[in-house]
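Quick notes on the structure that follows.
Where a number appears in this text, it was derived from the coordinates with a stated rule and is not lab data. What you see is a predicted model, and the numbers here were worked out from it, not measured in a lab. Reconstructed Cβ throughout: ideal geometry from the backbone, glycine too, with neighbour counts over all protein chains shown.
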Amino acid sequence: MIIEHIMKKNVITLRDTSTIKEAMQLLELHQIRHIPVINENQILVGIVSDSDIRDASPSIFHFTDHLEDFLKPISTIMKKNVITAHPLDFVEEVSSLFYENHIGCLPILDDDELVGIVTETDMLHTLVELMGAHQPSSHIEVKVENITGKLSDIAAIFKDLKVSITSVLVYPHQDPAFKVLVFRVQTIDPRRVVKVIEDNGYDVMWPSEPGL
């Protein structure tokens, strides 16, 4: 899946000459947490978040002091080195940007034009849907040798049992000679499936308790 399919296209923006007060009002009005900042040429020059606003605001004990600070341009508090993505980037690649950079949103640029925005909430919802975790299903983990063909071998077992696979993930094992295949399948009771997989000589890591 590409980012273009999940990004919000109607992006609320601020000019770099807008005031901190205007940013506060926009965040409150639209119930959002991040606003991209553009210059007079419509080029992205920064981004401001609700946490930036809180950091710049006086404490509740001195809220009436220095009210003129709210009239300062947003450029004085915005983050300028903005990490961005492209509409054709894959969701998996963009999720790593969130993880590695500890950010809450990504503006999406196409030829330097701001065409969308993706938040960490958008990414979470999308990853849940991609994994099928929002649907009634079962989770099965199988330890296999780290060689070609094992995924198709296990998938053939599900096919023979007429059990549909919702999603598949491949995780490294602590022993590099093995890997872990994680299946989410459309059955509420996985016991029959687990037994057949084990009868074929595979190590089912989950569910691992008797009777599951």
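Between Ser167 and residues 5 or more places away or on another chain, which pairs have amide H atoms under 5 Å apart, with H built 1.01 Å from N, and which residues are they?
Arg184
Compute the distribution of all C-alpha to C-alpha distances in the chain, in bins of 10 Å from 0, and list the percent of pairs in each, rounded to whole numbers.
Going out from 0 Å in 10 Å bins, the chain shows 7, 26, 22, 16, 14, 11, 4, 0 percent.
With θ set to phi - 60°, apply the Karplus curve 6.51 cos²θ - 1.76 cosθ + 1.60 along the range 89-100 and write out the HN-Hα couplings as whole Hz, x wherever there is a Gly or Pro.
5, 7, 4, 4, 5, 5, 4, 5, 5, 4, 5, 6
Output the peptides 32-42, 8-18 sorted from most to least packed, where packing is the average of other Cβ atoms within 10 Å over each peptide's residues.
Descending mean neighbour count gives 32-42, 8-18.
How large is the charge dipole for the range 3-127, taken about the Cα centre, if only the Cβ atoms of Lys, Arg (+1) and Asp, Glu (-1) carry charge, to the nearest 20 debye? Write down the numbers at each step before the final one.
Details: 9 positive and 21 negative charges, 72 e Å.
With only Lys, Arg, Asp and Glu charged at Cβ, the dipole is about 340 debye.
Show the residues, 5+ positions off or on another chain, whose built amide H is closer than 5 Å to the amide H of Met7.
none
Got a sec to turn the phi values of the range 38-46 into Karplus ³J(HN,Hα) couplings, 6.51 cos²θ - 1.76 cosθ + 1.60 with θ = phi - 60°, whole Hz, x for Gly and Pro?
10, 9, 5, 9, 6, 8, 5, 10, x
Considering amide H positions built from the backbone, and no H for Pro or chain starts, which residues 5 or more places from Thr19, or on another chain, come under 5 Å of its amide H?
Ile74
Test of understanding: what is the full-extension gain from Thr121 to His102, defined as 0.36 nm times their sequence separation minus their Cα-Cα distance?
5.5 nm
Given the C-alpha centroids of the range 90-158 and the range 13-56, what is the distance between them in whole angstrom?
29 Å
What residue among Gly104, Gly116, Gly201 shows peak mean-square fluctuation when the chain is described by a Gaussian network model with Cα springs under 10 Å?
Judging by the Gaussian network model, the answer is Gly201.
Taking the Cα centre of the chain as origin, work out the dipole magnitude from +1 charges on Lys and Arg Cβ and -1 charges on Asp and Glu Cβ, in debye rounded to 20.
With only Lys, Arg, Asp and Glu charged at Cβ, the dipole is about 600 debye.
At a Förster radius of 30 Å, what calculated FRET efficiency corresponds to the Cβ-Cβ distance of Thr13 and Leu151, to the nearest 0.05?
Values: r = 44 Å, r/R0 = 1.48.
The computed FRET efficiency comes out at 0.10.
Would you mind calculating the gained length between Leu161 and Arg192 on full extension (0.36 nm times residue separation, minus the Cα-Cα distance), in nm to one decimal?
10.3 nm
Taking the dipole about the Cα centre of the range 132-206, with the C-beta of Lys and Arg at +1 and of Asp and Glu at -1, give me whichever of Ile188, Val142, Phe158 is farthest to the positive side.
Going by the charge dipole, the pick is Ile188.
Ignoring everything except DSSP H segments at least 4 long, calculate the 222 nm mean residue ellipticity for the chain; use -39,500 (n - 2.57) per segment, divide by total residues, nearest 500.
On the way: 6 runs with 61 residues, N = 212.
Helix-only estimate at 222 nm: -8500 deg cm²/dmol.
Using the structure shown, list the pairs from Lys8/Lys162; Lys8/Lys72; Lys9/Lys79; Lys8/Lys150; Lys21/Lys79 with a Cα-Cα distance above 27 Å, or answer none.
Correct reply: Lys8/Lys162; Lys8/Lys72; Lys8/Lys150.
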